[in-house]
Amino acid sequence: MNNLLTVVSNNTLTAQPVMMGSKELADVINRNKDHEKIPNDIRHDKVIRAIETMLSNLGHSPLGGNDKNQQVTITTGVILKTDYRGFKEEYLLDRDHAICLVAGYSTAIRMGVIRRLHELEQQQQPAFPVPQTFAEALILAGKLEAERVQLLLENKEKESMLIQQEKEHEIFVDSFFDTKQAIPIGQFAKITGVLGKNQMFEYLRNTGVMMSSLDRNEPYQQYMKHFIIRGQYGTPLLKCTSAKWLLNRMVKSGLISSAKKEMCYGDIQAKYSNDLDVLLNIAA
């Protein structure tokens, strides 16, 4: 079953895709986000920026000047609406782009968007006539069964696509960190909550990341890419982009669990990035 509404106009069949606006997306996100971790509502402008980041990564350049009160097709399945001033009012996304946008967000947000899309599709599905004969009933039953099988296949494909998108998103989200951003080791230790500053340095020395020196903490050359050295005394700071690397080492060492790793990484993202994807507590 495709996600298109069949409309009869002048005896011509045309297909109208179900579209979801960025304002409604913001509303669904705010209703399904973790309100304890993110008490304030996500603004619509942040959703706009997230959509434009997605479009940029899909190879679509942002528009320059916009006409007033227009609906401009950016690409198939994406429409930009402008207001009376020519400013961006909202984006309209089809099912594929809406799901792509939230593919890396929390499970609750993804499911909220999927359910809303399903509601919109159900609202647009035309009611079919009740079969009047046994033959019509057989034809309808065969059609519904074919649509059911097709839907199962599409759902499996979409599930596989979401899994792949989440893997890619985990890599992509690290790009939201400025490469010059770094975390003091003491702050990183505080976030993990299992070691103090000195204990963290000791852990790094004992696991071969840093040299065994009492007067300074210097990473071995092979691990230098994960640190930034600052200050008069050459203090090593952990790069934000290497936070998950060190958290993974701590999981392998048995210091923290995988669930704790994700919580720590979410805290680091929330502290060191202002991007919407980070604020939404991305699930692994």
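This table checks each residue for (1) closer than 22 Å to residue 266 by Cβ; (2) in the same structural domain as residue 268 (by TED's automatic domain parsing); (3) in contact with a Phe, Trp or Tyr (Cβ under 9 Å, 6 or more places away or on another chain); (4) surrounded by 15 or more Cβ atoms within 10 Å (Cβ to Cβ).
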position	(1), (2), (3), (4)
194	yes, yes, no, no
200	yes, yes, yes, yes
226	yes, yes, yes, yes
229	no, yes, no, no
237	yes, yes, yes, yes
240	yes, yes, yes, yes
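Within the stretch 192-249, track down each residue that is part of a helix (DSSP H, G or I), closer than 16 Å to residue 182 by Cα and free of Cβ contacts under 8 Å to residues at least 12 places away in the same chain.
Once the filter is applied, which keeps residues that are part of a helix (DSSP H, G or I), closer than 16 Å to residue 182 by Cα and free of Cβ contacts under 8 Å to residues at least 12 places away in the same chain, the stretch 192-249 yields only 224.
Kindly indicate whether residue 89 is free of Cβ contacts under 8 Å to residues at least 24 places away in the same chain and not small (Gly, Ala, Ser).
yes
What pairs can you find where one residue is in the stretch 147-163 and surrounded by 12 or more Cβ atoms within 10 Å (Cβ to Cβ), the other is at pLDDT 70 or above, and their Cβ atoms are less than 7 Å apart, with a gap of 6+ or different chains?
Between residues of the stretch 147-163 that are surrounded by 12 or more Cβ atoms within 10 Å (Cβ to Cβ) and residues that are at pLDDT 70 or above, the close pairs are 162/103.
Since residue 252 meets every condition but one in (1) free of Cβ contacts under 8 Å to residues at least 24 places away in the same chain; (2) under 16 Å from residue 201 (Cα atoms), which condition does it not meet?
(2)
Residue-by-condition table, conditions (1) of a type in the set (A, V, I, L, M); (2) modelled with pLDDT of 85 or more; (3) farther than 25 Å from residue 267 by Cα; (4) touching a Gly at 6+ places or on another chain (Cβ under 6 Å):
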| position | (1), (2), (3), (4) |
| --- | --- |
| 13 | yes, no, yes, no |
| 25 | yes, yes, no, no |
| 47 | yes, yes, no, no |
| 50 | yes, yes, no, no |
| 54 | yes, yes, no, no |
| 59 | no, yes, yes, no |
| 62 | no, no, yes, no |
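The values are calculated or read from the model by the stated rules, or taken from the named source; none is laboratory data. This one's a predicted model, so the numbers in the text were calculated from it and none came from an experiment. Here the Cβ is made from the backbone with ideal geometry for all residues, glycine too, and neighbour counts use every protein chain on show.
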